[in-house]
1. Can you tell me which residues in the stretch 115-126 are farther than 16 Å from F202 by Cα and part of a loop (DSSP other than H, G, I, E, B)?
2. Being of a type in the set (A, V, I, L, M), open to solvent by 70 Å² or more (accessible area, probe 1.4 Å) and either touching a Phe, Trp or Tyr at 6+ places or on another chain (Cβ under 6 Å) or at pLDDT below 95 (or both) narrows it down to one residue among A103, A135, A155, A88; which is it?
3. Return the residue satisfying two criteria in turn: it lies in the stretch 199-218 and is modelled with pLDDT under 95 and either part of a loop (DSSP other than H, G, I, E, B) or out of contact with any Phe, Trp or Tyr (no Cβ under 9 Å at 6 or more places or on another chain) (or both), and of such residues it is surrounded by the fewest Cβ atoms within 10 Å (Cβ to Cβ).
4. For residues in the stretch 219-234 being part of a loop (DSSP other than H, G, I, E, B) and over 22 Å from the mean Cα position of the chain (by Cα), which is nearest to R82 (Cα to Cα)?
5. I'd like the full set of residues that are over 28 Å from R82 (Cβ atoms) and free of Cβ contacts under 8 Å to residues at least 12 places away in the same chain, limited to the stretch 165-186.
6. For V129, indicate whether it is open to solvent by less than 40 Å² (accessible area, probe 1.4 Å), modelled with pLDDT of 95 or more, more than 21 Å from G232 (Cα to Cα) and not in a loop (DSSP other than H, G, I, E, B).
7. Anything in the stretch 158-176 that is of a type in the set (D, E) and at pLDDT 85 or above? List them, or say none.
8. State all residues of the stretch 135-161 that are over 21 Å from G14 (Cβ atoms) and part of a helix (DSSP H, G or I); if no residue qualifies, say none.
Amino acid sequence: PRARLRGRVTIPEGSPLANVLDKLAKGTEVPRADLVTALGTPAGLGLPSYANGKPEGFLFPATYDIEPGTRATQVVAMMTERFGVEAAALDLEAGAQQLRRSAYDVVTVASLIEAETSLDADRAKVARVVYNRLARGMALQLDSTVNYVRTERAARLSNNDIKVDSPYNTYRHKGLPPTPIDSPGRKALEAALHPAAGDYLFFITIDKQGHSLFTSSYPAFLAAKAKAQRDGVY
C-alpha cells in the first residue's frame, strides 16, 4: 500500500474555486485546463439541482485520493458527491425551508461564514448577522465578498477598494452575492442552517486570535473597531 501511486490532495475549508483548481492540478496528474473544461459542462458533474450548474461552493473541502488516469470530470464529481453526502446528513434542503431561504442561499451564507471567521464559537453569530441584515434590507458590507473579486486579498480594504463595480461588492449591492465565494465545510453549513439567536447587526474582529464582537449598536461597533486598530489587530 505504501508504494501505491496516487495523488492525495487536501482542500481546506473556505477555498475559492480558483484555489481548488490550483491545488488539484498541483497534487494530481490532471491538468488545470482539463478541470476548467470539465466545469464548463456542469451537467455531468453531479451538482445538486439547486446549484443551477454553478460549481463554486459545491466542491466539498476534504482530503481526496486521486488515482493516476482519473479524468477531470471524475475528480470534480468525486467532490460534488461528497458535498451531497454532507448536505444529506445535515438535511440541508429541509433546513433551508425552515429558514425560508433557498438551499443555494444557505450554501452562499456558509461560504461567507467560512471567509469571515475561523472560530467555531463565532460561526453561528456571523450567520445571524447576515440573516438579520438581509431581513432589514441592509447591505451586508462584507470585505470577504470584495476580496473575492480582487487579484490579491487585503486584510483591510480602502475606500477605493469598496467602490469596485462588481455584483460581489456587498457594500454597493444589497442581498447575497451572486454565488458562494468559496467551498464551505460542514461546520459553516451547520452554522448557516442554525444561526445563533440575537439581534446582532454588526461584528468586528477585536484581537489577534480572531475573536469578534457582535452587537446591534453601531456606536459600539465603531468603538470596538477603533480599539482594534489601536491595538494593531489589523
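1. Answer for the stretch 115-126, where residues must be farther than 16 Å from F202 by Cα and part of a loop (DSSP other than H, G, I, E, B): S118, L119.
2. Answer to the check: A155.
3. If we take residues in the stretch 199-218 being modelled with pLDDT under 95 and either part of a loop (DSSP other than H, G, I, E, B) or out of contact with any Phe, Trp or Tyr (no Cβ under 9 Å at 6 or more places or on another chain) (or both), then Q209 is surrounded by the fewest Cβ atoms within 10 Å (Cβ to Cβ).
4. Looking at the filtered set, the residue picked out is V233.
5. Answer for the stretch 165-186, where residues must be over 28 Å from R82 (Cβ atoms) and free of Cβ contacts under 8 Å to residues at least 12 places away in the same chain: D165, P167.
6. For V129, the condition - open to solvent by less than 40 Å² (accessible area, probe 1.4 Å), modelled with pLDDT of 95 or more, more than 21 Å from G232 (Cα to Cα) and not in a loop (DSSP other than H, G, I, E, B) - is met.
7. D165
8. A135, R136
The values are calculated or read from the model by the stated rules, or taken from the named source; none is laboratory data. Keep in mind that what you see is a predicted model, and the values were worked out from it rather than measured. Because the Cβ atoms are built from the backbone with ideal geometry, glycine has one as well, and the counts that use them run over all protein chains shown. These accessible areas exclude ligands, DNA and RNA; they are computed on the full protein's heavy atoms, side chains included. Shrake-Rupley method; radii C 1.70, N 1.55, O 1.52, S 1.80 Å.
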